[in-house]
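Here is the structure we will look at.
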Amino acid sequence: MNFILDTSIYIEMERENKRILEKIIEISAKQKSFLFISSPTYSEVYYGILKRSSDKEIKLHNLNETPLVGTTKNSARICAELKLELERKGKPIPIFDLIIASIAIDRDMTLITTDEHFKKISKLKKIIVSED
């Protein structure tokens, strides 16, 4: 099984949040799995690094070691459908998160996140981890 780490998870791992790190180790140990990040997560994390500019080399090194998955035409269609569906329900979520979810759905991967709003996407396989 393959997992996509959401931006919220990646940031907590970089902060060495023990609870998050333990959960990722637990998930990986239960099944033979690979951890990926999506291109929107790469953009969000890289943007955060540019804003802070200190620690740039260390963080970029870690960011560049994680395998990256991107969008496809199918994931773009999924994203548009999800966006419309959630808007019609009055429950929109941020566009980067919709793109991340659509990539996970398209590739049949499980998203690991701390963000509860992913619960609004029923066809998304997800693990929502508490930050505490």
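Please find, within segment 36-66, the residue that is modelled with the lowest pLDDT out of those that are surrounded by 12 or more Cβ atoms within 10 Å (Cβ to Cβ), in a helix (DSSP H, G or I) and of a type in the set (S, T, N, Q).
The selected residue is Asn62.
Among the residues of segment 67-108, write down those that are touching a Phe, Trp or Tyr at 6+ places or on another chain (Cβ under 6 Å) and touching a residue at least 40 places away in the same chain (Cβ under 8 Å).
Result: Val69, single match.
Is at least one residue of segment 73-81 modelled with pLDDT under 95 and either polar (S, T, N, Q) or in contact with a strand residue (DSSP E or B) (Cβ under 7 Å, 6 or more places away or on another chain) (or both)? I'd like the intermediate steps shown before the answer.
Our first condition is that a residue be modelled with pLDDT under 95; within segment 73-81, this holds for none.
Looking through segment 73-81, none of the residues is modelled with pLDDT under 95 and either polar (S, T, N, Q) or in contact with a strand residue (DSSP E or B) (Cβ under 7 Å, 6 or more places away or on another chain) (or both).
Can you pull out every residue in segment 1-32 that is of a type in the set (A, V, I, L, M, F, W, C), more than 24 Å from Ser43 (Cα to Cα) and outside any helix (DSSP H, G or I)? Let's see the steps before the verdict.
Applying the first criterion (of a type in the set (A, V, I, L, M, F, W, C)) to segment 1-32 yields 1, 3-5, 9, 11, 13, 20-21, 24-25, 27, 29.
Adding the requirement that they be more than 24 Å from Ser43 (Cα to Cα) leaves 1, 25, 27, 29.
Listed by number, the list holds a single entry, Met1.
In segment 111-122, how many residues are touching a residue at least 40 places away in the same chain (Cβ under 8 Å) and surrounded by fewer than 16 Cβ atoms within 10 Å (Cβ to Cβ)? First the steps, then the outcome.
In the first step, residues of segment 111-122 are kept if they are touching a residue at least 40 places away in the same chain (Cβ under 8 Å); the result is 111-115, 118.
Pick out the ones that are also surrounded by fewer than 16 Cβ atoms within 10 Å (Cβ to Cβ) and you get none.
Looking only at that region, the number is 0.
Anything in segment 94-132 that is at pLDDT 95 or above, under 26 Å from Leu21 (Cβ atoms) and assigned to a loop (DSSP other than H, G, I, E, B)? List them, or say none.
Pro94, Arg107, Asp108, Met109, Thr114, Asp115, Ile121, Leu124, Lys125
The values are calculated or read from the model by the stated rules, or taken from the named source; none is laboratory data. Values in this document were obtained by computation on a predicted structure and should not be read as measured data. Heads up, the Cβs are rebuilt from the backbone with ideal geometry, glycines too, and the neighbour counts pull from every protein chain shown.
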